[in-house]
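Here's the structure we're looking at; comments come further down.
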């Protein structure tokens, strides 16, 4: 378990670690929504939403462009997956295909539709599966958001499609209200009930704030179908510098009709106002005492980037803290190059390596390498587990993503699969190009021969190349002082069935086209 994801009590860490007071409560973070929704799928949804946002931003200057992502696995093209992104103004559609080996062609598999508002926030997300028998799309899930005039979320709803009645049924939703300062004041959450056959109120959270707009209290109420009942109270106190000092959580004792302490967190900061310690205490109602439970200690490098995080558990027998695990970060300027996690070993009587992650970047600070290693205590060495390398085209877009796993026989990296990104004409032409440049590929799919017709206004030198799925150049031709229109013939009968990429390159431009060989 990674140290940064130890529990939902660490939701403030990202704010505190940067030395900033918690003044962002008028925006609902993804972590807060995930906690509120209690939905294990929410993180996956946020990741998918991030992909949509990336693709939408990539096509901002050309909203009708298309990006295609293809995933051959393994490299010998036994099967494929393909995703096509289509953008039209504030709408995005992501269409998935699966490879039909018998037909040597793509079959529609599923699709996702997403609509944004003018500010770039998503309004509607609908996923579909493909009914091949009836040749139609069948809805699966719909996620919607609504906003107030301040672009704050007022509704977050997840619905499932009822095919029998052909209607959407609410699986869960949150209705959010704000005070006059546009700070979140109330969150009412519904969840589906099989008993009633509809969504029912699950709980309500009310928020109170300090005079400097940080959360002072959150009160959670459960709902029994008729009335709200007190459930949990979280109280926060701050120092004169408005940094969080303490967070105390209590539960409602309905028998005694009073709040009873459950646990609390205390925070300490260094001279740069970066969090240095975070300690958890549990409350003993019998002795009316707070008992030490867990302690985190943070260290920073000279650039104030976190370099180490020590996790201690309280040892009752020794009446002191004992180190449980440790995380270490190493940087190249501001980018993480190595992350190491260590755990306590009773055999070694101290911390022992557990796993390591390594990262590399290009000159544009884009990640080109991610590698994960596990520690082998017997051989006292790092053992490869999985690795991903990413290549980018000249426009900064992903072009090839290669995934590797450990070869058990040799202990080295072994290629597992590769993903290819292809871009259409609209996203690959340089905006200030002086010459009109086009490329037509036919027939496509092809069996024995592929015709590549390039059109160019103005004389330029042109390079033509065709690559296979592992990025090897299998055909090339150079056309000097080329202009007008010319067709190049490529004999595809001698290559295996699969996906190939053709590239036409001039001094200023590059066009890519996908070729399917049956």
- Note on the structure: Selection over the range 314-332 where residues are over 24 Å from the mean Cα position of the chain (by Cα) and loosely packed, with under 15 Cβ neighbours inside 10 Å yields a count of 7
- Task: Select from the range 458-473 the residues that are more than 35 Å from the chain's Cα centre (by Cα) and at pLDDT 75 or above and write down the one among them that is surrounded by the most Cβ atoms within 10 Å (Cβ to Cβ).
- Result: 462
- Message: Can you tell me which residue is surrounded by the fewest Cβ atoms within 10 Å (Cβ to Cβ) among those in the range 213-235 that are touching a residue at least 40 places away in the same chain (Cβ under 8 Å) and touching a strand residue (DSSP E or B) at 6+ places or on another chain (Cβ under 9 Å)?
- Response: 214
- Message: Condition check: buried (at least 18 other Cβ atoms within 10 Å of the Cβ), at pLDDT 80 or above and either within 30 Å of residue 341 (Cα to Cα) or under 31 Å from the mean Cα position of the chain (by Cα) (or both). Does residue 389 satisfy that?
- Response: yes
- Quick one: which residue in 252, 265 is crowded, with 17+ Cβ neighbours inside 10 Å, under 23 Å from residue 215 (Cα atoms) and touching a residue at least 24 places away in the same chain (Cβ under 8 Å)? 265
- Query: What number of residues within the range 269-312 are free of Cβ contacts under 8 Å to residues at least 24 places away in the same chain and over 31 Å from the mean Cα position of the chain (by Cα)?
  - Reply: 10
- Return only the number of the condition from (1) over 19 Å from residue 105 (Cα atoms); (2) modelled with pLDDT under 75 that residue 514 does not satisfy. (1)
- Item | Test for residue 359: is it part of a strand (DSSP E or B) and closer than 16 Å to residue 307 by Cβ | yes
- Task: Output the residues belonging to the range 362-383 that are under 20 Å from the mean Cα position of the chain (by Cα) and assigned to a strand (DSSP E or B).
- Result: 367, 368, 369, 370, 371, 372
- Query: Of all the residues that make up the range 320-351, how many are under 28 Å from residue 282 (Cβ atoms) and in contact with a strand residue (DSSP E or B) (Cβ under 9 Å, 6 or more places away or on another chain)?
  - Reply: 15
- Checking 420, 504 in turn, the sole residue that is at pLDDT 75 or above, touching a strand residue (DSSP E or B) at 6+ places or on another chain (Cβ under 9 Å) and part of a strand (DSSP E or B) turns out to be 504
- Please determine, by comparing only the residues of the range 175-193 that are at negative phi and assigned to a loop (DSSP other than H, G, I, E, B), which one is surrounded by the fewest Cβ atoms within 10 Å (Cβ to Cβ). 180
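The values are calculated or read from the model by the stated rules, or taken from the named source; none is laboratory data. Note that the structure is a prediction, hence the values are computed from the model and not measured. Please note: Cβ atoms are built from the backbone with ideal geometry, for glycine as well, and neighbour counts cover all protein chains shown.
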